[in-house]
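Visitor: First the structure, which I've put down as structure tokens, then a few questions once you've had a look.
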Amino acid sequence: MPLFSEVGRDMSSWPTAAHFVSWLALCPDNDISVGKLLWRGARRVKNRAGHLFRMAAFSLHHSLTPLGNYLRRMKAKLGPEAATMATAHKIAVIFYTMVKNEVEYDETLWAEAR
């Protein structure tokens with residue numbers, strides 16, 4: 001799997017899921033100076049693992065799973081680009097949790113978490 005070749009199975013490099021998602025560039029990057037927002041948007045990092053998560057999120061549009069429902073809800077709320085990024089963020093957090101804790105995917109747990 002290309003994802004494991006990019007990330008590996010050892011998650012000790014990232015103390016939390018937030019650190020992992022930031023490394024993947026799947027989080028917002030707001031430039032703020034003296035309390036004023038200068039620029040907002042996604043970080044411009046070429047990360048192949050982050051790209052894989054974005055591709056996975058993009059493919060969920062017709063899926064009837066809770067993640068597919070989340071993507072469609074975010075598309076209606078944020079627009080297509082931000083929705084794909086938000087869904088990729090959620091998938092990356094799920095991946096990090098599964099690999100770090102060595103548990104199987106249970107969609108009922110993640111369906112309740114918003």
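The values are calculated or read from the model by the stated rules, or taken from the named source; none is laboratory data. Because the structure is predicted, anything quoted here is derived from the model rather than measured. Reconstructed Cβ throughout: ideal geometry from the backbone, glycine too, with neighbour counts over all protein chains shown.
Visitor: Quick one: which helices (runs of 4 or more DSSP H) sit completely within the range 1-71 and have at least 1 residues that are over 15 Å from the mean Cα position of the chain (by Cα) and polar (S, T, N, Q)?
Guide: Per the criteria, 2-7.
Visitor: Identify all residues within the range 69-85 that are touching a helix residue (DSSP H, G or I) at 6+ places or on another chain (Cβ under 9 Å), over 15 Å from residue 59 (Cβ atoms), at pLDDT 90 or above and among the small types (Gly, Ala, Ser); write none if there are none.
Guide: Scanning the range 69-85 gives a single hit, 76.
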